[in-house]
Amino acid sequence: MIKVVKFGGSSLANTEQFQKVGDIIKKDDGRRYIVPSAPGKRFADDIKVTDMLYDCYNTAVKGKDFSKKLDTIKKRYYEIIEGLGLSLSLEKEFKTMEACFIGKAGRDYAASRGEYLNGIILAHYLEYEFIDAAEVIFFDEKGNFDAEKTDQILSERLLISERAVIPGFYGSMPNDTIKTFSRGGSDVTGSIVAKAIKADLYENWTDVSGFLVADPRIIEDPEVINTITYKELRELSYMGATVLHEDAIFPVRKQGIPINIRNTNAPDEMGTMIVESTSKRSEYTITGIAGKKGFATVSIEKDMMNSELGFGRKVLEVFEKNKISFEHMPSGIDTMSIVVHQSEFENIEQEVLAGLHRNVQPDVIEIESGIALIAVVGRGMKSTRGTAGRIFSALAHARINVKMIDQGSSELNIIIGVKEEDFERAIRAIYDIFVITKI
C-alpha cells in the first residue's frame, strides 16, 4: 500500500512534534511520500513561522533592517535541528533568502520558505529524498494551478523516488518565480501528490482526531464523524467546517483515493475517513451540522410570478450586474427570496432594489439582515422519514423561529435560516435531538 502523508504546522512546530511525526512514519512502511507544512504555534500565544516570514519580508521591502527578525526565524529551525541531533546547516538557504528578500522576490516566495526549510529538515531526519515543490508543482502565467503539467512531471519524478519529502503550499510560475496556494494549501499539495503517484490512501495529520459532528466552540466535546463522503464534506466545508482545505478534495476525488484525517497527538485514534461513496451507515441520521453568520435575504412578492416567463432570470440578472453572488434561492408560487452575504450587499442594496423594480415590477420587496444559515448534512437523511420534522420540532421546542428553509433535491442536506442571535442555540437543539437523545 502506498500512502501520501501530510503533516500540518502544529504537527511540526518543535522537536517533540517532529519526533512524533517520525514515529508515525516509521510505524507504517507504506508512508512513503511526505508533505510538510511550516512550523506552527508551539503554544497559544506563539507566532506561526509563515506569519514571521511575512513580517520579515515586509520589513525588508520597506528598506529597514530585518536581520533580527530573520535571526528569530533561524532560531526556530535550529532549535528543531539541534533537538533532533542532526548534523545539518541551513546557512546557505538563509543567505539565499536574505538576498531574495532584499531583491523583493515577492510575498509568495517569502511565505513558501517555511515549508521549504521544514521539508529539508524532515527529509534529513527521515533519511528520505528532498524534492523541491518548485520543481514539480506548476502554475500558469495567470497564476492558476496547472494540473496537467504538474501531474505529468510529478508522476515521472516520483516513479524514480522510493521515498520523498515534498514541501506543501507552493510551486512555480513559468518565469520560475514562486507561487503559493491560499493559506492551508499544504492540504492541496498532499492531494496533488496522492493523485500523481496513484496512492492507495492520503493521510492528513493535524491536531484533531477527524471531523466533528458540530463546532466544538458551540458543542462541548462533540462526537467524531467516522466516515464521510466527499459530497457531505463539500456541504459542511462550504458552511464553515475547516479541518481540511476545500480544494484538497478535487484531485483525489477524481481518482477515488480516500482521505484519512488523523491526530498527530493521538495516533492510535482512527480519525475520519473521507470517501467517494460507502455502504456504511452513519451512527446517527445526520453526519454533521455546520453554519455561518452574516447573511441577508431579499424577499420579492408578485402575484402570478410563477406564470411570468423569465421572471427568475430577470431577478438574478440584477444581482449579476451589481456583482453580487447569491447563496440560496428558496421560492413559492408568488414569492422568491435571494440569500446573499450581507457585507457584499449592504453598500449596494439601493442599486439592487432599483434594478429589481425596473426589471420585474414587484408588488413588495423586503430586506432582512442578521441571518445565520445552518446546514444539516447526512446521507442517512435520504432513507430516514421525518428528518425535517424532527429538526423543526427541536427548533420549536427551543423557541427558535425559522426564517428560511431550503432542501436540495439530493436530500443530502437541509439549509435553515435563523436570526444570528439564535444561531448557537439552534445548533445545540439540532445536535441534541439527533446525537444526544437520538429521537
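The values are calculated or read from the model by the stated rules, or taken from the named source; none is laboratory data. Bear in mind that the values here come from a model prediction, so they are computed numbers and not experimental data. Positions of Cβ are backbone-derived with ideal geometry, glycine not excepted, and every protein chain shown enters the neighbour counts. For accessibility, only protein heavy atoms count, side chains too; no ligands or nucleic acids. Shrake-Rupley method; radii C 1.70, N 1.55, O 1.52, S 1.80 Å.
Here are a few things to note about the model shown:
- Simple point charges give the picture: +1 on the Cβ of Lys and Arg, -1 on the Cβ of Asp and Glu, and for the chain a dipole about the Cα centre of about 460 debye.
- What the phi angles of region 328-343 give under the Karplus curve with 6.51, -1.76 and 1.60, with θ = phi - 60°, is a coupling list of 9, 9, x, 8, x, 5, 10, 9, 8, 10, 10, 9, 10, 6, 4, 4 Hz, glycine and proline written as x.
- Of 20/104; 26/254; 48/179; 254/321, those spanning more than 26 Å from alpha-carbon to alpha-carbon: 20/104; 26/254; 254/321
- Counted charge near residue 111, where neighbours are those whose Cβ lies closer than 10 Å (Asp, Glu -1; Lys, Arg +1): 0
- In terms of overall dimensions, the C-alpha atoms belonging to the chain reach 77, 50, 42 Å along their principal axes, ordered largest to smallest.
- Karplus-derived HN-Hα couplings along region 184-193 (A = 6.51, B = -1.76, C = 1.60, θ = phi - 60°), whole Hz, x at Gly and Pro: x, x, 5, 4, 5, 4, x, 5, 5, 5
- Coarse-grained scattering of region 325-389 at q = 0.14, 0.21, 0.22, 0.26 Å⁻¹, given as base-10 log I(q)/I(0) from a Debye sum over alpha-carbon atoms: -0.59, -1.00, -1.06, -1.32
- The chain: relative contact order as a whole-number percent, Cα under 8 Å and 6+ apart: 13
- Report summary: the helix-based calculation at 222 nm, which adds -39500 (n - 2.57) for every DSSP H run with n ≥ 4 and divides by the residues of the chain, gives -11000 deg cm²/dmol.
- The C-alpha atoms of the chain define a longest principal axis, and helix 107-126 lies at about 60 degrees to it.
- Anisotropy class of region 355-430 from Cα gyration tensor, a/c 1.5 cut: oblate
- Within the assembled protein chains, the solvent-accessible surface assigned to residue 341 is about 50 Å², based on a 1.4 Å probe.
- When the surface is traced with a 1.4 Å probe over the full set of protein chains, residue 84 keeps roughly 30 Å² accessible.
- Prolate/oblate/rounded call for region 119-163, Cα gyration tensor, a/c under 1.5 rounded: oblate
- Computed with a 1.4 Å probe over protein heavy atoms only, the accessible area of residue 12 comes to about 0 Å².
- Positive contributions from Lys and Arg (+1) and negative ones from Asp and Glu (-1), summed over other residues with Cβ under 12 Å from the Cβ of residue 304, come out at -4.
- Exposure rank, largest accessible area first [42, 428, 32, 399; 1.4 Å]: 399, 428, 42, 32
- The mean accessible area for residues of region 241-370, using a 1.4 Å probe and ignoring ligands and nucleic acids, is 53 Å² per residue.
- Once the Cα-Cα distance is subtracted from the 0.36 nm per residue extended length, the residue 353 to residue 384 segment shows a gain of 7.0 nm.
- Over the Cα atoms of region 201-284, the radius of gyration divided by the Kirkwood radius equals 0.93; this is the Rg/Rh ratio.
- Dipole axis of the chain (+1 Lys, Arg; -1 Asp, Glu on Cβ), positive-most option in 131, 388, 73: 131
- Efficiency of FRET from Cβ geometry, residue 364 and residue 323, R₀ 25 Å, rounded to 0.05: 0.50
- 12 Å beta-carbon shell around residue 344, net charge (K/R +1, D/E -1): -2
- Of 90, 118, 58, farthest towards positive along the dipole that unit charges on Lys, Arg, Asp, Glu beta carbons give region 19-123: 58
- FRET efficiency estimate (nearest 0.05) - Cβ-Cβ, residue 144 to residue 292, R0 35 angstrom: 0.85
- If only the Cβ of Lys and Arg carry +1 and only the Cβ of Asp and Glu carry -1, the dipole of region 181-243 around its Cα centre is close to 420 debye.
- Residue 23 versus residue 220: modelled label distance in nm, points set 7 Å from Cα along the beta carbon direction: 3.1
- Placing +1 on the Cβ of every Lys and Arg and -1 on the Cβ of every Asp and Glu, with no other charges, gives region 284-439 a dipole of roughly 800 debye about its Cα centre.
- Measuring nothing but how far apart in sequence close Cα pairs (under 8 Å, 6+ apart) lie, relative to its length, region 263-399 scores a relative contact order of 39 percent.
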